[in-house]
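Peer 1: Shown below is the structure under consideration.
The values are calculated or read from the model by the stated rules, or taken from the named source; none is laboratory data. For clarity, every value in this text was computed on a predicted model and none was experimentally measured. All Cβ positions, even for glycine, are placed from backbone atoms using ideal geometry, and neighbour counts span all protein chains on display.
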Amino acid sequence: MGRRRRRRVDPADAARALPEAIAVLTRTLPTGPSPETFRRAKFDRPEAAPALWRLLFCVLSPMPADGASPSLALEAQARSVKAALRFQGYPRRALAQLPDDGSQGGRELLLALAWLLARGPTLEQLLAQSRVRLGDEMPVCECESLASPGPAVPSVEADGCVDTRHLQWLMGKLRFRWRKLMASQQEQCALLGKIHSYTRGCHSDRSLGHLSVTETELLRDPEGGQQLLQRLERENVRLEAALEWRRRELVFWQWMDTVLGACPPEASQPTFLPEIPAQGAAELELVVRELQALQEELQAAVEPRRAAWEARVGGHGPEWSASRRALQEAVRQDLVALQWAWERGGGLTQPHEPHRLVRTEAGAPEGRGLQATEVIEVLRSREACLEVVLGQLQGQCRQELARLVGTLPGLIWIPPPGR
Amino acid sequence: MSIVTVQLGQCGNQIGFEVFDALFSDSHCPQKFCSKRENEAYQASCKERFFSEEEDGVPVARAVLVDMEPKVINQTLSKAAHSGRWKYGQHSHLCQKQGSGNNWAYGYSVHGPRHEESIMNLIQKEVEKCDSLSGFFIVMSMAGGTGSGLGAFLTQNLQDQYSNSLKMNQIIWPYGTGEVIVQNYNSILTLSHLYRSSDALLVHENDAVHKICAKLMNIKQISFRDINQVLAHQLGSVFQPTYSGEGSFHYRRNPLVDLMEDLVPHPEFKMLGVRNIPQMSENSLAYSTFTWAGLLKHLRQMLISNAKMEEGIDWQVRPPLSGLPTLGKMPLSKELHFNTSIANLVILRGKDVHSADLGAFKDPALYTSWLEPVTAFNVWKTQRAFSKYEKSAALVSNSQSLVKPLDMIVGKAWNMFASKAYLHQYTKFGIEEEDFLDGFALLEQVIASYSNL
């Protein structure tokens, strides 16, 4: 590396190196605009903006790139990109202030892309997402889907009051969808089971023993083999490009420095603050000072209070200290239970990525993989935890409802039938 | 995805047979307007949903037959076997020697617990034959003894044991001029129990179907068989395969849940009715042609004027002027003529189905104020014609149309209850006054909810 850097660089080579590096990068990404688009974006040319919004949308969208999502209107994509970046903590305000129509923002988008690339294993994640899957995979946990915000949902502003019946309707719809999902999951499991048992002994890999859906499909439909081959070749190209990118990325980052240089500097602002109209700033200053004064006053008041309390409590005799001990014991037990649940929940030493589903004969020696029973047990205990939380939340809601009903004398509360 | 049908009592078994026969005949009906491949996909979809296959290749209905008297079950089994086209499973029925004597309490409290285990076993065996289970059709009468009492009991059991599967009860609403003196008691007990345990009640009114037989089918001496065939036609036109979405040519995987999601998500509004157009005898069909515009215009007016058939529609009924708040916008007497919907599902089958314009069903004035037409109205389509109809439309709606008959039944039952007539026949088997009162309260609430849309 060092030797290469010391070598005298032919200026023509250097001029070519950047477009080549960018070309390699775009080959790695799900939809790649041309190096020329990147160049135009540096100069904030509007024609570069739509392609970059789309690119960022693909990079940030949690769904596979070939899904239906890219068919979203540019405006929806732009909104989604902004929301996703904000969710990930992207600090530049200039991006959030860009218009939603996707007509502007070449340079800001370039910076955002670079931020994503520099920050973490974005490329690796993208490659993993679009990987060709030959086996039947299943996730062993939900952390990934919980971590991503999902596509932006158009928020519905309720003007005026909402009819409760509408909410009940939506709730019922959700319940039916939930049942539909369960039914189709069950169907999928049943069919997978059939394929696995019918193809037992067909796989050349003895440790697997049976075929997966993709493999079975290949046998049924040789045409599909061509398509699979093409997908594998495409993936190969992307993987090669990713390797190549690692070798060439330095020149890209040097260029990005110049892009950043071309940007108007932005006061470093760790989080977004609501915009305050100019005439409000002076008032705010006042409020801040008042708040600070109040806080100091409070602290001064708290100290003697606390001391007085402790003195009083100390004088309450054995009854008081007994109940105090009982409380401490209860807290300790809760803590132990929590810790236990945590350790069991996180106790799987295996990584959280999806696993290939393989059916083994009963009594066969345990392989290196995860046992289904283990996963099920972990999921069960997780379910139990979630149910406890749900129960608590429902209890809170009921209390709140009861409180609200209490404020309206003469109102009777009748739960709907069938629930 | 498959649906398991539970046929209960005399009525449920006779209708169940006609339904399977209609489904089978339709899926093997010669087709002019769709490709061979599409027709095959349609047949496969219908078969997966309602039939399983045994080694001899004859389709076996995914059904469990239950009655407390042997006569009807034996007839049903042999009719199916003699059709030579499809049959019932060899060990999928249960019958006993003694009926319920039109006593709901007997069906619910005596037959139910006594035969619970064997019936649930039969159902489980049927469920195990499905690769995937979407849910249950429970076909039963509302006013009798075995179908209604045992049906309410079993629906509750299904709710406990298969809580994630869907339960749709096909209930036969008795003639207004009763067959049985206690039919109103039986009806309120059935309805109030099903309202707690079922996901949707698809109601078929004997009076309405009878009129269809007389006026549209031109049948002189109407038998139960005629009525059941019309009913089977209506059900088939709803549950035979349709495309999964606009522009898609794949058939819907799980129509039962889709229908419920479209029509009955609200726990207080579970009553559905079906309307069909056109309906006529096969002879007249040969001399008739239809346009989508004409069919849909009639169907819409049938909906808003609460007519069950295309003949004798009141064309004077118009939707209330939109823009006014829906609640209390008119005196009740005026509003009664207009049938407000919560949600509607139109199912179109046949030639040029993609050209059908459904704009008139998307008028917000047709619906309650708390649902937009985009949510409240849905349409399913397929290019494949249903039965011998080149074009046909079915409308499943969750609307006010059942409020009046329900109110009548509750009123009559209440009058009898107030004078404690026949109550001992129920208390004798453990159905107490308290149970009646619960039923009245629930149904009054349902009537109030539907009336205040």
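Peer 1: Can you find a residue in the stretch B:248-256 that is of a type in the set (S, T, N, Q), within 14 Å of chain A (Cβ to nearest Cβ) and more than 21 Å from the chain's Cα centre (by Cα)?
Peer 2: Yes, because at least one residue in the stretch B:248-256 is of a type in the set (S, T, N, Q), within 14 Å of chain A (Cβ to nearest Cβ) and more than 21 Å from the chain's Cα centre (by Cα).
Peer 1: Let me ask you something else. Could you grab the pairs with beta carbons closer than 6 Å, sequence gap of 6+ or different chains, first residue in the stretch B:111-129 and assigned by TED's automatic domain parsing to the domain that holds B:Lys167, second one part of a helix (DSSP H, G or I) and surrounded by 13 or more Cβ atoms within 10 Å (Cβ to Cβ)?
Peer 2: B:His111/B:Leu150; B:Gly112/B:Leu150; B:Gly112/B:Phe153
Peer 1: Given (1) among the hydrophobic types (A, V, I, L, M, F, W, C); (2) surrounded by fewer than 24 Cβ atoms within 10 Å (Cβ to Cβ); (3) within 19 Å of the chain's Cα centre (by Cα); (4) within 23 Å of B:Gly439 (Cβ to Cβ), where does B:Val180 come up short, assuming only one miss?
Peer 2: (3)
Peer 1: Any idea which residue in the stretch B:412-451 is farthest from the other protein chains (Cβ to nearest Cβ), counting only those that are exposed (fewer than 12 other Cβ atoms within 10 Å of the Cβ) and more than 15 Å from B:Trp104 (Cβ to Cβ)?
Peer 2: The qualifying residue farthest from the other protein chains (Cβ to nearest Cβ) is B:Ser419.
Peer 1: Residues that are farther than 19 Å from B:Ala385 by Cα and among the hydrophobic types (A, V, I, L, M, F, W, C): does the stretch B:225-237 have at least one?
Peer 2: Within the stretch B:225-237, one or more residues are farther than 19 Å from B:Ala385 by Cα and among the hydrophobic types (A, V, I, L, M, F, W, C).
Peer 1: Same structure again: With respect to A:Ala152, is the statement that it is crowded, with 16+ Cβ neighbours inside 10 Å and modelled with pLDDT of 85 or more true?
Peer 2: no
Peer 1: Filtering the stretch B:266-286 down to residues that are within 10 Å of chain A (Cβ to nearest Cβ) and more than 17 Å from the chain's Cα centre (by Cα), which residue is surrounded by the most Cβ atoms within 10 Å (Cβ to Cβ)?
Peer 2: Among those residues, the one meeting the criterion is B:His266.
Peer 1: Can you say whether B:Phe361 is assigned to a helix (DSSP H, G or I), in contact with a strand residue (DSSP E or B) (Cβ under 8 Å, 6 or more places away or on another chain) and among the aromatic types (Phe, Trp, Tyr), as far as the supplied structure shows?
Peer 2: Working: assigned to a helix (DSSP H, G or I): yes; in contact with a strand residue (DSSP E or B) (Cβ under 8 Å, 6 or more places away or on another chain): yes; among the aromatic types (Phe, Trp, Tyr): yes.
In short, yes.
Peer 1: A further question follows. Can you confirm whether the stretch B:6-28 contains a residue that is farther than 26 Å from B:Ile138 by Cβ and either out of contact with any strand residue (DSSP E or B) (no Cβ under 8 Å at 6 or more places or on another chain) or without any contact (Cβ under 8 Å) to a residue 40 or more places away in the chain (or both)?
Peer 2: Scanning the stretch B:6-28, I find at least one residue that is farther than 26 Å from B:Ile138 by Cβ and either out of contact with any strand residue (DSSP E or B) (no Cβ under 8 Å at 6 or more places or on another chain) or without any contact (Cβ under 8 Å) to a residue 40 or more places away in the chain (or both), so the answer is yes.
Peer 1: Does the stretch A:83-109 hold any residues that are within 15 Å of A:Arg119 (Cα to Cα), part of a helix (DSSP H, G or I) and free of Cβ contacts under 8 Å to residues at least 60 places away in the same chain, and which are they?
Peer 2: Passing the criteria: only A:Leu85.
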